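The block underneath contains the structure these notes are about, expressed in structure tokens.
The values are calculated or read from the model by the stated rules, or taken from the named source; none is laboratory data. This structure is a prediction, so every number in the text was calculated from the model and none was measured. Using ideal geometry, Cβ is built from the backbone for each residue, glycine included, and neighbour counts are taken over all protein chains shown. When the accessible area is computed, the model is the full protein with side chains, heavy atoms only, and any ligands, DNA or RNA have been set aside. Shrake-Rupley method; radii C 1.70, N 1.55, O 1.52, S 1.80 Å.
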Amino acid sequence: MSANRAAVATAVALLLTGCADQPARPAAPVTAAASPATFCGLETSPPPGVTLRAADLGPAAGTTVSRFVVLPAERCGGVATRPDRCEAFPWIAENGLYALGGRAWLSVTLGRVREQLVLYAPDSSFPATYERAAGGCGFATLTVLNGRPVTMQRTRGGSSEIVYLTPRAVIWLSSADPVIGTAELVRLASLAEDRARSLPYPS
């Protein structure tokens with residue numbers, strides 16, 4: 001072995017030894033685009049007119065891109081754990097959504113506005129769980145009804161976000177457009193609540 005090859009071999013051995021001594025890095029967090037559809041849900045077409053529409057935001061809104069995913073019991077059974085990812089709603093993987101009571105989700109992107117809506121079983125603890133999760137993720141209560149939060153808000157990195165809690169769905173909206181602030185997101189969430197009434201989900 002030449003002196004050069006011996007030096008290279010020694011350097012590689014030192015690098016491998018250094019890597020072996022370092023703790024393993026945690027897996028990268030699942031992003032909003034990847035988390036819901038990666039695991040168990042079945043994607044289908046939402047009924048016409050249900051999603052956020054360009055007309056809701058005006059002529060410069062752009063193109064609406066939407067996905068609707070149902071979570072059937074035979075594919076999505078899991079163990080209930082609290083949401084633990086604050087960066088990307090719904091803050092938990094699909095199996096976790098189902099175990100908490102989630103039954104379907106709708107994701108909509110329109111320009112710089114994003115909307116995600118999770119339908120849940122009416123007898124589940126889903127809304128209370130997500131109320132606590134939102135508080136743990138830095139959302140502050142904006143409106144209250146009968147002593148319980150209805151709208152929660154968070155501002156970070158130039159984006160406004162809200163969580164809107166309804167009797168049938170938990171709705172999350174985010175805007176990176178400075179013109180579309182919290183008040184406008186609340187209006188859009190109210191539209192989403194009305195339109196979501198026609199969304200079906202497995203019982």
For this session: Kindly indicate whether Arg148 is at pLDDT below 95 and closer than 24 Å to Thr81 by Cβ.
Result: yes
Exactly one of Ser159, Ser107 is over 29 Å from Gly77 (Cα atoms) and either surrounded by 14 or more Cβ atoms within 10 Å (Cβ to Cβ) or touching a residue at least 60 places away in the same chain (Cβ under 8 Å) (or both), and that residue is Ser159
By residue number, the members of the range 120-172 that are among the β-branched types (Val, Ile, Thr) and outside any loop (DSSP other than H, G, I, E, B) are Thr129, Thr141, Thr143, Val144, Val150, Thr151, Thr155, Ile162, Val163, Val170, Ile171
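Here's the yes/no breakdown for (1) surrounded by fewer than 24 Cβ atoms within 10 Å (Cβ to Cβ); (2) in contact with a Pro (Cβ under 7 Å, 6 or more places away or on another chain):
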site: Thr81; (1), (2): yes, no
site: Glu87; (1), (2): yes, yes
site: Ala99; (1), (2): yes, no
site: Gly102; (1), (2): no, no
site: Arg112; (1), (2): yes, no
site: Leu117; (1), (2): no, no
Glu193 being out of contact with any Asp or Glu (no Cβ under 9 Å at 6 or more places or on another chain), open to solvent by less than 10 Å² (accessible area, probe 1.4 Å) and of a type outside the set (A, V, I, L, M, F, W, C):
no
